[in-house]
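Asks: Attaching a single structure in structure tokens format; questions to follow.
The values are calculated or read from the model by the stated rules, or taken from the named source; none is laboratory data. Nothing here was measured: the structure is a model prediction, and the numbers come from that model. Ideal geometry is used to build each Cβ from the backbone, glycine not excepted, and the neighbour counts take in all protein chains shown.
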Amino acid sequence: MSIPPPSGPQQPEDPYRPPQPYPQNPQAQPPYPSYPQAPYQFWGQGYAPFTPPAPVNGVAIAALVLGLLCFLPAVGLVLGIIALVQIRKRGERGKAMAIAGAVVSSLGLALWAVSLSTNVASEVWAGAKEGASGNTSLSLAKGDCFDVPGKTFDEDVYDVDKVPCSGVHDGEVFGSISLSGDDYPGDDYVSDKAEGQCRPLQDTYAMDSWALTDEVDVYFLTPTEDSWTWGDREITCVFANTDESGTLTGSLRADASNLDADQLAFLDAVNTVDEILYEEPEEYADEDLSANQTWAGEVADVTDAQAKALSARTWPAEARGPVADLVKEMRDAGKEWASAATSPSADEFFDHYDKAYGYVDGDTTVTAREALGLATTPPSYDDESGGESGGSDGGNGSGGSSGGGLDV
């Protein structure tokens, strides 16, 4: 059943007017018209109840970030001022950030000025470069002595402590070898490079090989594949104890930095003879007589030449006689080597060979060394050819290092 509309003029229905509730007692109030029971809105279509906030100024954000980082404080200060001008003109937000960025940037500029005047900035930058470059030779130079943090050398080494060479220490640097290339060349390459080039550096740093006792060995601080990526391109040649947990005392350096002219002249002569003795063929005379004869002839020539060099020098009074006695023995040894070079058989070669070696590192040599203030304990040799003095180039380190090598 439909309800007829109320009498009186018809009013247009307000679409936004909420429906009016009916009173509980319909008899107490005049009748109300019936309205459709439809959902209603509080806000008309197309009307925004909230005003959107003003955008934050991007330059103010940049000023604050640069100010806090102190990376480019001058730029942060300029951006802060620009941001304040833009905010005032555009009505944007971010005034507090712009002011904060300008203030912090001003403080950063002041700190930079102080650091530059006190050289702090350069020290910080140097430290940063050193850290970024990894363990490049661990900042060790020729002549440095150091301790490693671990108990032995048989482990990776990422840091060392420099100590005076006069006291007890784990190692002493006698040279370094530079490498190059973008890609790590491999463990074998690094090992071969260390073994081949550290030996000549050893001879020039410790010219008095007699001072290298049986307790001294040669080790290498070598790059690893990981340290290579951080810029490590150097092999460090090191003297250390043959016992990886042992130590050394005092410097082994014996070169122009701490030897006098007479000592240098003497060592140059005897070391030259030692070098040719080290070149003895691997095959014995009964296996390759010709090669041994050629070598013996070379030894005879070198021995005679160095005997002449020692004889021609004017020595201090206390060393004149001992050196003259040594020169005589060297000439006798040279004759034996010359005879070995022309021996028709291996047996005769060995006969002259043994007589010639009888003059090497004998009492006469000890006396001459003592007169010149050099080491007087003959080294022990590792092979029948006269071999190497002191420690051998052996004993592997860990993790990619080569013979005798520590691993950086």
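Asks: Quick check on region 184-196: of everything there that is of a type outside the set (F, W, Y) and in contact (Cβ under 8 Å) with a residue 40 or more places away in the chain, which residue is surrounded by the fewest Cβ atoms within 10 Å (Cβ to Cβ)?
Replies: This residue is D188.
Asks: Is it true that some residue in region 305-320 is surrounded by 14 or more Cβ atoms within 10 Å (Cβ to Cβ), outside the structural domain of R199 (by TED's automatic domain parsing), over 24 Å from A256 (Cβ atoms) and without any contact (Cβ under 8 Å) to a residue 60 or more places away in the chain?
Replies: No: zero hits.
Asks: Additional query: Can Y359 be described as modelled with pLDDT of 95 or more and either among the small types (G, A, S) or farther than 19 Å from T213 by Cβ (or both)?
Replies: Here the answer is no, as Y359 does not meet what is asked.
Asks: Keeping to region 197-218, report how many residues are without any contact (Cβ under 8 Å) to a residue 60 or more places away in the chain and either in contact with a helix residue (DSSP H, G or I) (Cβ under 6 Å, 6 or more places away or on another chain) or not hydrophobic (A, V, I, L, M, F, W, C) (or both).
Replies: Count: 4.
Asks: Out of region 313-332, which residues are within 19 Å of A300 (Cα to Cα) and not β-branched (V, I, T)?
Replies: Result: A324, D325, L326, K328, E329, M330, R331, D332.
Asks: Here is a check on your reading of the model: is V323 surrounded by 15 or more Cβ atoms within 10 Å (Cβ to Cβ) and either in contact with a Cys (Cβ under 8 Å, 6 or more places away or on another chain) or under 30 Å from A346 (Cα atoms) (or both)?
Replies: no
Asks: Picking from T303, T314, T272, which residue would you name as being over 34 Å from the mean Cα position of the chain (by Cα), among the polar types (S, T, N, Q), farther than 30 Å from Y353 by Cα and at pLDDT 95 or above?
Replies: T314
Asks: Right, another one. Any residue that is of a type outside the set (A, V, I, L, M), over 17 Å from G250 (Cα atoms) and free of Cβ contacts under 8 Å to residues at least 24 places away in the same chain - is there at least one of those in region 165-177?
Replies: No; the residues of region 165-177 include none that is of a type outside the set (A, V, I, L, M), over 17 Å from G250 (Cα atoms) and free of Cβ contacts under 8 Å to residues at least 24 places away in the same chain.
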